[in-house]
Structure formats: structure tokens, C-alpha cells
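**Q** Let me give you the structure first, and then I'll get to my questions.
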Amino acid sequence: RLGFAYQLNRNTVVRGGYGLFPIPYVVNWSISPNNDAMSSIGTPFVSTVNGGITPLGTLSNPFPNGVEQPLSHSESLAALNTFFENLGGATDPTPAYNYGYVQQWNLDLQRQLPKGFFVSAAYAAAQGWGLGYSQDENQLPDKDLSLGESLLTSVTNPFYGLITEGPLSSATVTAGQLLLPYPEYTNVTDVGTGYGTSVYNSFQVTVERRFNAGGTLLVAYTDAKFLSDSDTNNSWLEGTTGGVNGVQDSNCIKCSYSLSSDDVPQRLVISYVQNLPFGQGQRYLSGTHGLAGKLISGWGADGITTFQRGFPLKFGTNLNLTNSYGGGSFPDVVSGCVKARSGSAVSRLDDWFNTSCFTQPPAFTFGDESRVDPILRMQGINDWDFAIFKNTNFGPGERMGLQFRTEFFNLFNTPQFGPAGTTVGTSQFGVVSSQVNNPRLIQFGLKFLF
């Protein structure tokens with residue numbers, strides 16, 4: 001990491017920095033040692049074999065038939081090969097071809113202005129290389145898609161009798177199966193392969209105002225763009241983004257380069273803390289004493305207001321007619337068609353976008369829609385969190401105090417709708433049927449200070 005700060009004059013400072021950070025290989029969940037097939041051999045505990053009438057395994061003798069012994073290295077390889085062939089596929093947690101890293105850099109101009117104002121304007125960016133994700137290593141070569149219907153023709157299975165279980169144990173297979181890089185498997189997945197890239201660029205502006213009477217106002221705005229050719233392996237952690245879309249063609253990773261599923265082009269956050277100007281030491285009614293002074297003094301308000309553009313939509317089809325033995329099917333986009341619909345969010349719940357712009361692609365093609373749509377988005381954030389509080393000091397020297405707070409989350413009870421259905425060929429295509437935020441919540445708190 002490298003950083004610097006330089007004071008141009010009394011009120012102006014320039015700051016910048018650069019950092020290079022390696023990404024741990026095991027950030028991919030599937031690579032964790034407990035998910036390795038060679039580490040999965042174990043002896044199951046059997047409590048009873050007659051419906052609970054009598055016990056079989058007990059605490060004193062949990063494995064009466066003995067413990068299954070681990071295989072030798074050569075035995076393990078042979079057993080795994082047979083296991084995967086009968087299963088029809090394999091997941092390969094091999095070391096990444098390119099170990100991943102992220103580099104980040106920023107340049108920030110900060111200026112102190114009159115009347116308590118502070119302004120910061122910054123350019124911040126990040127770039128990821130060798131990002132890990134699960135890649136299909138057994139997809140049909142793209143050039144063979146031109147063979148069309150002949151890929152589906154039944155031919156003699158050369159593995160018949162060698163593979164005794166599973167989908168490849170029959171006397172015939174499709175011709176396309178034998179054109180795969182590993183025809184003895186129906187799928188081979190490499191987890192943690194380091195081919196992914198990402199680029200993030202942003203312009204960030206911050207304005208802060210500190211008030212003489214106590215309180216602050218902070219306004220932060222970000223204009224950004226996030227591009228990538230793959231997204232997270234752990235999509236279940238991504239909250240309300242509407243999920244992620246996988247790589248469409250594993251033979252051409254760069255063809256999936258698009259907006260990231262997590263792209264947020266604009267975000268504005270306004271936060272404030274302000275003491276109300278009433279009571280002792282304040283601008284109004286400062287001479288009030290006694291019980292009345294206690295009642296009108298010490299009031300204040302704070303809050304956070306957030307506006308954010310919605311996450312982009314990710315499209316697919318309910319029928320995968322690519323016949324690519326692993327590739328993804330995205331819809332075709334009608335040339336010149338206007339995808340977006342106008343109107344309020346409520347008016348578009350049953351028709352969020354122009355569904356006629358998307359069609360099922362012909363067989364043996366992938367579809368020309370991008371991995372993440374560059375135009376259509378789910379509804380963004382319009383959230384107001386607000387609190388009003390009262391501080392009351394008492395006791396000897398007023399060294400003790402009480403603070404009572406009333407907090408409102410989603411003050412105006414504004415709904416944020418979830419993503420519309422984005423699967424061509426389903427009844428929910430273009431329909432919004434979920435809400436992703438909470439309704440208005442009100443909570444009260446009392447704090448004793450001493």
C-alpha cells in the first residue's frame with residue numbers, strides 16, 4: 001500500500017493512495033477442504049435398524065461394525081474415478097490458474113470553506129484480476145453447434161460396459177456427448193478458476209456542515225460504474241440484488257463482460273444530527289428555568305435519507321435450446337425495440353418492462369442479450385430513517401442524565417419492490433411479485449447516563 005497527503009494551502013489538501021491485495025484462494029466455498037470428495041469418506045452412525053425398538057449404535061459402542069478405513073492415494077484416485085464416472089460428472093477443486101488480486105486507487109481533493117463547510121471531491125477505482133468462479137470445462141466447443149440436429153442423434157456408446165451406473169451406462173449416447181472435451185463425463189466443473197475480471201470507477205462528492213449551536217449535516221453522492229465478466233460464487237449473500245447471472249459460454253468468458261449484477265450508478269445519502277434551538281443555552285426561550293426549562297430543553301433530531309438507483313436485471317429463458325452441454329440460454333433482443341416502460345412503480349408492477357422486446361433464441365444459439373442488461377433495473381431505494389430525542393440532565397451538578405429516543409425506520413412507509421420476473425417463457429415474465437424492504441418500524445429507547 002502507498003498513500004500520500006499534500007497541503008496546497010491553509011484550507012486545501014490533496015490525498016491519494018494505491019493498494020494491491022491478494023484474494024484468498026479459499027474464498028470460493030466449493031474449494032473448502034470439507035467439500036473435497038477425498039475428505040468426505042466417513043462411517044455413518046446407525047442408531048437402530050428396527051424402527052427404534054432396540055438400539056444398534058450406542059455412546060459406548062457407536063460403530064459396532066467397525067470404522068471405514070481411509071483409502072491409499074492410488075486406491076482413492078481409482079475409487080474417485082469410478083465414483084465420478086458413475087455419477088456422470090465431477091467438480092474439480094484444483095488450484096487457480098491465475099491467483100486473484102484486487103488493486104485499488106483514489107485521488108481526493110479536500111477543501112475547508114467558510115461557515116463550517118467542508119467539501120471533498122474524489123475519484124476512486126478498483127480492478128480485479130484472476131477472480132475465481134465455477135467454470136464448466138466440459139461444454140461443447142462452439143464450432144460444433146453448427147452441426148445442429150445431428151448433435152442429438154443416438155450413436156453407439158464406447159463406454160458401455162466400462163461405466164456401469166449413471167447416465168452414461170446405456171448402450172447409446174447422443175453424438176454431441178462424444179464431442180465434449182471429456183466425453184466420459186456429463187459435466188466437469190472447475191471451481192476457483194482465476195479467469196474473472198472486474199473494473200469499478202466512481203466519482204464521489206462529500207459536503208459536510210458543522211453548526212455552531214451543535215449538530216452536523218453530511219451529504220454524500222456517488223456516481224459509479226461497475227463492470228465484470230463474472231459475479232460472485234456466493235450469490236445467496238447478495239441480498240436484494242435480484243441474484244446474479246452466470247457465464248453464458250464457458251468457451252468465451254470475455255463474451256460475458258457487462259455491467260456487474262451489483263452495479264449501482266448513483267447513490268445519495270443525507271445524514272444529520274441537530275439540536276433544536278429551544279431551552280437553556282439555545283436561541284429561543286433560553287431564560288426558562290425550573291420544570292418548564294427541563295421540559296423544553298434538550299430536544300434534538302437526527303436521521304439518514306438514502307436514494308439509490310436499483311440493481312440491473314438479469315435475463316434468461318425457461319428453455320435451454322443451446323444443446324451446448326453446459327452453456328446458458330439468454331433471450332434474443334428485438335432490434336430497435338424500446339425496453340423501458342414509463343410511469344410510476346405501482347403502475348408497472350404487472351408490466352415492468354416491454355416484454356415483447358425479448359424472444360426465445362433459435363436452437364443451437366446462445367441468445368444475444370448481455371449477461372446483465374445495460375438498461376433495465378429493479379426499483380431503487382427511497383428510504384427515510386428519522387429519530388427525535390430528548391436529553392435531560394439532573395442530580396448534583398447535573399452529572400446524571402436521561403435520553404429518550406423515538407426512532408422511525410422507513411418513516412413514510414415507502415415500499416421498495418423486488419425484481420421483475422426475467423425468465424422468458426414463464427407466466428411471471430415482466431411481473432413484480434415481491435417487496436424487499438421493511439414497512440415502517442417505530443421503536444423507543446431510554447438511556448440512563450451517570
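The values are calculated or read from the model by the stated rules, or taken from the named source; none is laboratory data. Just so it is clear, the structure is predicted and the values come from calculations on it, not from any experiment. So basically every Cβ, Gly included, is an ideal-geometry build from the backbone, and we count neighbours across all protein chains shown. Side chains included, ligands, DNA and RNA excluded: accessible areas come from the protein's heavy atoms. Shrake-Rupley method; radii C 1.70, N 1.55, O 1.52, S 1.80 Å.
**Q** Under 6 Å by Cβ, and 6 or more places apart or on different chains, what pairs join a residue from region 58-69 that is of a type outside the set (Gly, Ala, Ser) with one that is part of a loop (DSSP other than H, G, I, E, B) and open to solvent by 70 Å² or more (accessible area, probe 1.4 Å)?
**A** Close Cβ pairs satisfying both conditions: PRO62/PHE45.
**Q** Ok, one more. Restricting attention to region 279-316, and to residues there that are crowded, with 16+ Cβ neighbours inside 10 Å and in contact with a helix residue (DSSP H, G or I) (Cβ under 7 Å, 6 or more places away or on another chain), which single residue is modelled with the lowest pLDDT?
**A** THR288
**Q** Checking the structure you have, find out if any residue of region 216-230 is under 25 Å from SER370 (Cα atoms) and outside any strand (DSSP E or B).
**A** yes
**Q** Restricting attention to region 198-257, which residues are among the β-branched types (Val, Ile, Thr) and more than 25 Å from GLY328 (Cα to Cα)?
**A** VAL205, THR206, VAL207, THR216, VAL219, THR222 - these are the residues of region 198-257 that are among the β-branched types (Val, Ile, Thr) and more than 25 Å from GLY328 (Cα to Cα).
**Q** Being small (Gly, Ala, Ser) and over 30 Å from LEU140 (Cβ atoms) is the filter here; which residues of region 345-404 pass it? Lay out the reasoning, then the answer.
**A** Taking region 345-404 as the starting set, the residues that turn out to be small (Gly, Ala, Ser) are 345, 347, 356, 363, 367, 370, 380, 387, 395, 397, 401.
Passing the criteria: ALA345, SER347, SER356, GLY380, ALA387, GLY395, GLY397, GLY401.
**Q** Still on this model: Which of the residues that make up region 158-180 are modelled with pLDDT of 95 or more, of a type outside the set (A, V, I, L, M, F, W, C) and open to solvent by less than 70 Å² (accessible area, probe 1.4 Å)?
**A** THR174, GLY176, GLN177
**Q** Sticking with this one: Please identify the pairs in which a residue from region 282-305 that is farther than 23 Å from SER271 by Cα has its Cβ atom under 7 Å from the Cβ atom of a residue that is open to solvent by 40 Å² or more (accessible area, probe 1.4 Å) and assigned to a helix (DSSP H, G or I), counting only partners at least 6 apart or on another chain.
**A** Final answer for the pair search is LEU285/ILE296; THR288/ILE296.
**Q** Further, regarding this structure: For the condition hydrophobic (A, V, I, L, M, F, W, C), in a loop (DSSP other than H, G, I, E, B), open to solvent by 90 Å² or more (accessible area, probe 1.4 Å) and more than 24 Å from GLU369 (Cβ to Cβ), what is the one hit in PHE444, PHE448, PHE412? Don't jump to the end; show me each part of the working.
**A** Numbers: PHE444 fails: in a loop (DSSP other than H, G, I, E, B); PHE448 fails: in a loop (DSSP other than H, G, I, E, B).
The unique qualifying residue is PHE412.
**Q** So, one more: Those residues that are open to solvent by 40 Å² or more (accessible area, probe 1.4 Å), touching a strand residue (DSSP E or B) at 6+ places or on another chain (Cβ under 9 Å), within 30 Å of ASP144 (Cβ to Cβ) and not in a strand (DSSP E or B), I need them from region 335-371; list them, please.
**A** Those that are open to solvent by 40 Å² or more (accessible area, probe 1.4 Å), touching a strand residue (DSSP E or B) at 6+ places or on another chain (Cβ under 9 Å), within 30 Å of ASP144 (Cβ to Cβ) and not in a strand (DSSP E or B): GLN360, PRO362, THR365, ASP368.
**Q** So which residues in region 395-416 are within 30 Å of HIS289 (Cα to Cα) and among the aliphatic types (A, V, I, L, M)? Give the derivation first.
**A** If we filter region 395-416 for residues that are within 30 Å of HIS289 (Cα to Cα), which is where we start, we get 395-407.
Within region 395-416, MET400, LEU402 qualify.
**Q** Please give the number of the condition GLN379 fails out of (1) open to solvent by less than 60 Å² (accessible area, probe 1.4 Å); (2) more than 16 Å from ARG348 (Cβ to Cβ); (3) in contact (Cβ under 8 Å) with a residue 60 or more places away in the chain.
**A** Of the numbered conditions (1) open to solvent by less than 60 Å² (accessible area, probe 1.4 Å); (2) more than 16 Å from ARG348 (Cβ to Cβ); (3) in contact (Cβ under 8 Å) with a residue 60 or more places away in the chain, the odd one out for GLN379 is (2).
**Q** Restricted to region 289-314, and to residues that are in a loop (DSSP other than H, G, I, E, B) and in contact with a Lys or Arg (Cβ under 9 Å, 6 or more places away or on another chain), which residue is farthest from THR355 (Cα to Cα)? Steps first, answer last, please.
**A** Kept after step one, since they are in a loop (DSSP other than H, G, I, E, B), are these residues of region 289-314: 289, 297-298, 309-311, 313-314.
Still in the list and also in contact with a Lys or Arg (Cβ under 9 Å, 6 or more places away or on another chain): 297-298, 309-311, 313-314.
Working: SER297: 58, GLY298: 56, ARG309: 21, GLY310: 19, PHE311: 18, LEU313: 13, LYS314: 13 Å.
So, considering only residues that are in a loop (DSSP other than H, G, I, E, B) and in contact with a Lys or Arg (Cβ under 9 Å, 6 or more places away or on another chain), the one farthest from THR355 (Cα to Cα) is SER297.
**Q** Considering only region 232-250, I want to know if a residue exists there that is at pLDDT 85 or above, more than 30 Å from PHE417 (Cα to Cα), open to solvent by 60 Å² or more (accessible area, probe 1.4 Å) and in a loop (DSSP other than H, G, I, E, B).
**A** no
**Q** Then there's this: Go through (1) outside any strand (DSSP E or B); (2) more than 23 Å from the chain's Cα centre (by Cα); (3) among the polar types (S, T, N, Q) for SER329 and report which single condition fails.
**A** In the conditions (1) outside any strand (DSSP E or B); (2) more than 23 Å from the chain's Cα centre (by Cα); (3) among the polar types (S, T, N, Q), SER329 misses (2) alone.
**Q** Pairs please, first residue from region 188-206 and free of Cβ contacts under 8 Å to residues at least 24 places away in the same chain and at positive phi, second anywhere and among the aliphatic types (A, V, I, L, M) and open to solvent by less than 40 Å² (accessible area, probe 1.4 Å), Cβ atoms under 6 Å, 6+ apart in sequence or on different chains.
**A** The qualifying pairs do not exist here.
**Q** Is there any pair linking a residue in region 237-266 that is among the acidic types (Asp, Glu) to one that is part of a loop (DSSP other than H, G, I, E, B), with Cβ under 6 Å and at least six apart or on different chains, and which?
**A** Once the first residue is among the acidic types (Asp, Glu) and sits in region 237-266, its partners that are part of a loop (DSSP other than H, G, I, E, B) give ASP249/GLY327; ASP249/PHE366; ASP262/THR241.
**Q** When region 7-45 is examined, which residues are found to be open to solvent by less than 60 Å² (accessible area, probe 1.4 Å), outside any strand (DSSP E or B) and either modelled with pLDDT of 65 or more or not polar (S, T, N, Q) (or both)?
**A** Those that are open to solvent by less than 60 Å² (accessible area, probe 1.4 Å), outside any strand (DSSP E or B) and either modelled with pLDDT of 65 or more or not polar (S, T, N, Q) (or both): ILE23, ILE31, ASP36, ALA37, GLY42, THR43.
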